[in-house]
Amino acid sequence: MNPLEPTRARPGPAHTATFDGRPLRALPGQTVAAALWAAGVTAWRGTRGTGAPRGVFCGIGVCFDCLVTVNDRPGQRACLVPVRPGDVIRTQRGTGRDDD
Amino acid sequence: MTERPRLAVVGAGPAGLAAALTAAARGVRVLLVDAADQAGGQFYRQPAAGLGARRPHAPHHRWRTWERLRTGLERHRAAGRITHLTDHHVWCVAGESGSGGFTVYALRGPGQEEGVTVRADAVLLATGGYERVLPFPGWTLPGVVTAGGAQAMLKGQLVLPGRTAVVAGTGPLLLPVATGLAAAGAQVAALVESAGPAALSRRLPALAAQPGTLAEGAGYAARLLRHGVRVLPRHTVLAAHGTERLEAVTVAALDRTGRPRPGTARRVRCDTLAVGHGLLPHTDLAETLGCALSGTAVRVDAEQRTDVPGVWAAGEATGVGGATLALAEGRIAGQSAAARLYGTAPDPRRWAAADRTRARARAFAAALDSVYAPPAGWAERLPDETVVCRCEEVTAGRVCEAVGTLGAGDARTVKLLTRAGMGWCQGRMCGPAVAGLTGCPLDPGRRPFARPVPLGVLAGLPDTE
Ligand SMILES: Cc1cc2nc3c(=O)[nH]c(=O)nc-3n(C[C@H](O)[C@H](O)[C@H](O)COP(=O)(O)OP(=O)(O)OC[C@H]3O[C@@H](n4cnc5c(N)ncnc54)[C@H](O)[C@@H]3O)c2cc1C
Ligand code: FES
């Protein structure tokens, strides 16, 4: 079963962004984290120290584990930021400031 | 008074909503400020509007209360009695010297870059709480999420992190999370609870005083059964395994002292672990205002007043006890604030019903608190190489070294020596673990601000000195 079903959700048409260069479908109102989870992606950051993969932990904007780079701006909390059509979302390595 | 007094309510969860509606009904102009894009808080979290949920109450019960809160909010908004500022993350509330009023500083939008300030005659803090998770090997792997976080992503975004989940830790929140995940289509391989059934039955008298909640618990149990979820009381997750993401967890039985029983460890395959060890109150805004704490919660009197004049607090910020307690406290706080803003002493008889609910719910919460405890000795068993501070990647070994070899005597010195707690989350995630490892009391904060503030916003503030 799909988690949309119990609420009988009829979302508006999906829009498209990209994640690390690949198309990413997002439903209207979905956050970056939700769109990535729905696409089966659970990690979108490599830590500053060891480069370990991270994604959502607290889900409510408190832990800052879910940081991601959106439209060249690193340090966005994926669990809070909604996906807008055409967003360029990228895995954040470290602080994301020395990305090329 | 020619103008209506203004009350800023921070937080639009059950406590803040109840307070806002109560105060607005008594002629107070309410500014309801919340970081989320919709009212509801954690308990009544709504699916994002664009998802077009036609039966948004499916994940909830106690739906009628929510309907009343929602329609009440709409009515007061339409009448101009409540202004609901959504997507406003409050980073500081400051008393104004002289006027006795307050300034609420917020950052607008999910990107939190634009500064907004709001003035009010009084403030009511209803900021709720966040989850406590004690570390174990593998807890930083993608796929390991907080129990409440999994619930929030499901309620608000209608998504799951994987297909096969284990729900683990301790506390009453694990039940709704396990049933929620199962109802949404996840296969819940096990609900692993470190408290034992015997502990629960010893507390039965206090628990029985809250029959509604017990019935709710029984309802969850029935649903778990229906979804075929295996419940493992007095068990714990010893470790999470995987390389790029979670692949399995090791679960073990606990003996009566709360220590893992040798020979009982086994692996359970899963791609999701929803884990939590209870909740902690958000106290940062109260602390900056100078409000006294009691333990880890904001201290309030019988009217829900903090010890700072003009500042009220309600809900889980003042102690964790669930939505029923939050609603009752919000009602009392709203009445007290409204009366006092009009210069009269409130009559406690007018909130007698809420007072009874509050007393019962607090007794219930205290009973639950003594039942649900993390496994004894978890800190001693933590391997040195396990990361404790997720932000700064500080290991348990380094925290212990700071105490042992370097002689740090309090949480602050440990933080300075190791950087544990110096990262983006400002120690909210690692605080309980550092306290457990060092034996120092959980120091809730001394955080300058409740949210990281962009320098541009700070620089743009008018000089108030
Ligand atoms: C992640 C999570 C999930 C939970 N899920 C459940 C559940 O499914 N079932 C259940 O029974 N209990 C759940 N709980 C417990 C829950 O806390 C209570 O049931 C209830 O919601 C508490 O009500 P409250 O009004 O005190 O706080 P909350 O409902 O937490 O509301 C607090 C509100 O304050 C806002 N806020 C906090 N700080 C700021 C700030 N600085 N600026 C602006 N706004 C701010 C938040 O956005 C939130 O809307 C959950 C708790 C957490 C942390
Ligand atoms: S998951 Fe914790 S801040 Fe986004």
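Based on C-alpha pairs under 8 angstrom that are at least 6 apart in sequence, chain B has a relative contact order of 18 percent. Among B:THR288, B:THR264, B:THR418, the sequence by solvent-accessible area, most first, with a 1.4 Å probe is B:THR288, B:THR264, B:THR418.
Here the calculated FRET efficiency for B:ASP37 and B:LEU461, from their Cβ-Cβ distance with R0 = 22 Å, stands at 0.30, rounded to the nearest 0.05. When the square roots of the Cα gyration tensor eigenvalues are ordered a ≥ b ≥ c, the ratio a/c for region B:236-290 is 1.5 or more and a/b does not exceed b/c, which makes its shape oblate. Between the residues B:PRO348, A:VAL62, B:HIS282, the greatest Cα displacement towards the positive end of the dipole of the protein assembly as shown, with unit charges on the Cβ of Lys, Arg, Asp and Glu, is found for B:PRO348. Measuring r between the beta carbons of B:ASP301 and B:LEU225 and using R0 = 45 Å, the FRET efficiency lands at 0.55. Annotation: per residue accessible area for region B:133-277 equals 39 Å², rounded to a whole number [probe 1.4 Å, protein chains only].
What a 1.4 Å probe finds exposed on region B:89-180 is 49% carbon and sulfur by accessible area, rounded to a whole percent. In the assembled protein chains, B:LEU191 presents an accessible area of approximately 10 Å² (probe radius 1.4 Å). Could you tell me the center-to-center distance, by alpha carbons, between region B:361-386 and region B:111-163 in angstrom? Spelled out, the Cα-based centre of one part sits 21 Å from the other.
Annotation: per residue accessible area for chain A equals 43 Å², rounded to a whole number [probe 1.4 Å, protein chains only]. Other residues within the sphere of radius under 13 Å centred on the Cβ of A:HIS15, judged by their own Cβ, net out at +1 (K and R +1, D and E -1).
Only helices enter this figure: runs of n ≥ 4 DSSP H residues, each worth -39500 (n - 2.57), summed and divided by the residues of chain B, yield -10000 deg cm²/dmol at 222 nm to the nearest 500. One chain, two ends: B:ARG266 and B:ALA292. Fully extended at 0.36 nm per residue, the span grows by 4.8 nm beyond their Cα-Cα distance.
Indicate the gyration tensor shape class of region B:387-438 (rounded, prolate or oblate), computed on the Cα atoms with a ≥ b ≥ c the square roots of the eigenvalues: a/c under 1.5 is rounded; otherwise a/b larger than b/c is prolate and the rest oblate. In terms of gyration-tensor shape, prolate. Working from label points 7 Å from Cα in the Cα-to-Cβ sense, the B:GLU385 to B:GLU244 distance is 2.2 nm.
How would the protein assembly as shown be classified by its alpha-carbon gyration tensor: rounded, prolate or oblate, with rounded meaning a/c under 1.5 and the a/b versus b/c comparison settling the rest? Rounded, since a/c falls under 1.5.
Simple spin-label estimate for B:ARG75 and A:THR95 gives 5.3 nm between the two label positions (7 Å along the Cα-to-Cβ direction from each Cα). For region B:327-385, the fraction of 1.4 Å probe accessible surface lying on carbon and sulfur atoms is 50 percent. Against chain B, whose longest principal axis comes from its Cα atoms, helix B:63-78 is set at around 30 degrees. Placing +1 on the Cβ of every Lys and Arg and -1 on the Cβ of every Asp and Glu, with no other charges, gives the protein assembly as shown a dipole of roughly 1860 debye about its Cα centre. The interface between chain A and chain B buries about 4000 Å² of solvent-accessible area in total (1.4 Å probe, ligands and nucleic acids excluded). With both labels modelled 7 Å from their Cα along Cα-to-Cβ, the B:ARG119 to A:ALA39 distance reads 4.7 nm.
In this structure, B:ARG62 and B:ALA353 have a Cβ-Cβ separation that, at R0 = 22 Å, corresponds to a calculated FRET efficiency of about 0.80. Charge tally for A:PHE57 (other residues, Cβ to Cβ under 12 Å; Lys, Arg +1; Asp, Glu -1): +3. So for chain B, Kirkwood radius off the Cα pairs, Stokes-Einstein at 37 °C and 0.692 mPa s: how many µm² s⁻¹? Rounded to a whole number, D works out at 142 µm²/s. Residue by residue along B:179-191, Cβ atoms of other protein chains within 10 Å of the local Cβ number 2 on average. Placing unit charges on each Cβ (+1 for Lys and Arg, -1 for Asp and Glu) gives region B:133-277 a dipole about its Cα centre, and among B:VAL133, B:PRO176, B:THR264 the Cα reaching farthest toward its positive end belongs to B:THR264. Estimated purely from DSSP H runs of n ≥ 4, each contributing -39500 (n - 2.57), the mean residue ellipticity at 222 nm for chain A is -1500 deg cm²/dmol once divided by its residues.
The values are calculated or read from the model by the stated rules, or taken from the named source; none is laboratory data. Predicted, not measured: the structure shown is a model, and the values here were computed from it. Please note: Cβ atoms are built from the backbone with ideal geometry, for glycine as well, and neighbour counts cover all protein chains shown. Note: areas computed on protein heavy atoms with side chains; ligands, DNA, RNA excluded. Shrake-Rupley method; radii C 1.70, N 1.55, O 1.52, S 1.80 Å.
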